[in-house]
Amino acid sequence: NAGVTQTPKFQVLKTGQSMTLQCAQDMNHNSMYWYRQDPGMGLRLIYYSASEGTTDKGEVPNGYNVSRLNKREFSLRLESAAPSQTSVYFCASKGGTGAYEQYFGPGTRLTVT
Amino acid sequence: AQSVAQPEDQVNVAEGNPLTVKCTYSVSGNPYLFWYVQYPNRGLQFLLKYITGDNLVKGSYGFEAEFNKSQTSFHLKKPSALVSDSALYFCAVRDRAGANFNKFYFGSGTKLNVKP
């Protein structure tokens with residue numbers, strides 16, 4: 001059981017380049033999330049998808065777009081990367097009714113130069 | 001919206017001693033409460049949660065947490081710390097209902113250092 005998987009593990013981009021971070025879960029969870037983690041700031045929610053077919057903004061959505069491709073997959077796209085987007089990005093998922101906690105992927109470390 | 005405070009950036013404790021990692025939250029209803037642990041270069045792992053019932057909840061690796069409604073706190077505890085407990089700990093809350101039902105709010109994290 002793989003849980004939540006993320007690709008790539010590491011990425012270096014130049015300012016202005018675009019890329020998509022991939023996330024997949026095999027737990028049949030309804031909700032999926034994208035966070036960024038910066039030193040001293042904990043986790044900040046970028047976007048989330050409460051269920052297949054829906055997406056909502058979190059605390060820091062500017063500069064990002066998301067796609068809930070199907071129930072398993074939730075991708076995060078940076079259209080024009082900026083140095084301020086250098087961070088570690090985590091994907092998470094949560095089950096449906098009666099499920100309480102999230103499960104996290106291993107993260108993607110992104111550096112924008 | 002909820003907010004979560006972890007007032008200590010770092011907690012140092014000797015192996016074998018009890019440990020406490022503090023968490024308080026702002027109140028908007030009666031949220032669900034969680035603790036997660038993050039080891040270096042890894043994702044967050046779920047430790048325990050408070051949903052309802054007994055104020056003392058037990059979780060993984062011998063950790064427990066005490067919910068105090070009047071103080072809006074949910075402190076993480078362990079009776080006897082291990083060196084392997086050294087990690088970054090996050091407190092999180094989630095609304096029980098409403099528009100933000102599926103959103104989690106995280107504290108800034110507390111680094112636990114357990115010295116041999």
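The values are calculated or read from the model by the stated rules, or taken from the named source; none is laboratory data. Predicted, not measured: the structure shown is a model, and the values here were computed from it. As a convention, Cβ positions derive from the backbone with ideal geometry for all residues, glycine included, and neighbour counts pool all protein chains shown. Side chains included, ligands, DNA and RNA excluded: accessible areas come from the protein's heavy atoms. Shrake-Rupley method; radii C 1.70, N 1.55, O 1.52, S 1.80 Å.
Residues that are in contact (Cβ under 8 Å) with a residue 24 or more places away in the chain and loosely packed, with under 13 Cβ neighbours inside 10 Å within region A:85-101 comprise just one, A:GLY96. Among the residues here, B:GLU64 does not qualify as charged (D, E, K, R) and touching a helix residue (DSSP H, G or I) at 6+ places or on another chain (Cβ under 7 Å). Screening the candidates B:LYS58, B:LYS49 for the property of being crowded, with 18+ Cβ neighbours inside 10 Å and either charged (D, E, K, R) or touching a helix residue (DSSP H, G or I) at 6+ places or on another chain (Cβ under 6 Å) (or both) yields one hit, B:LYS49. Answer yes if at least one residue in region A:82-98 is in a loop (DSSP other than H, G, I, E, B) and of a type in the set (Lys, Arg), and no otherwise. No, there is no match, as no residue in region A:82-98 is in a loop (DSSP other than H, G, I, E, B) and of a type in the set (Lys, Arg).
Quick grid of which residues meet (1) over 29 Å from B:THR52 (Cα atoms); (2) under 13 Å from the mean Cα position of the chain (by Cα):
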position	(1), (2)
A:SER49	no, yes
A:VAL60	yes, yes
A:TYR64	yes, yes
A:SER67	yes, yes
A:LYS71	yes, no
A:SER80	yes, no
A:SER84	yes, no
A:GLY96	no, no
A:TYR100	no, no
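The residue list B:TYR89, B:TYR32, B:TYR39 contains one member that is closer than 23 Å to A:ILE46 by Cα and either touching a Ser or Thr at 6+ places or on another chain (Cβ under 7 Å) or acidic (Asp, Glu) (or both), which is B:TYR89. Residue count for region B:7-45 under the criterion of being within 11 Å of chain A (Cβ to nearest Cβ) and of a type in the set (Lys, Arg): the result is 1.
Within region A:62-81, the set of residues being outside any strand (DSSP E or B) and more than 16 Å from A:VAL12 (Cα to Cα) comprises A:ASN62, A:GLY63, A:LEU69, A:ASN70, A:LYS71, A:ARG72.
Filtered by the rule that a residue be assigned to a strand (DSSP E or B), closer than 24 Å to A:GLY3 by Cα and either open to solvent by less than 10 Å² (accessible area, probe 1.4 Å) or more than 10 Å from every other protein chain (Cβ to nearest Cβ) (or both), region A:102-113 gives A:THR108, A:LEU110. Of the residues in region A:45-52, none is at pLDDT below 95, away from every other protein chain (no Cβ under 14 Å) and over 20 Å from B:GLN45 (Cα atoms).
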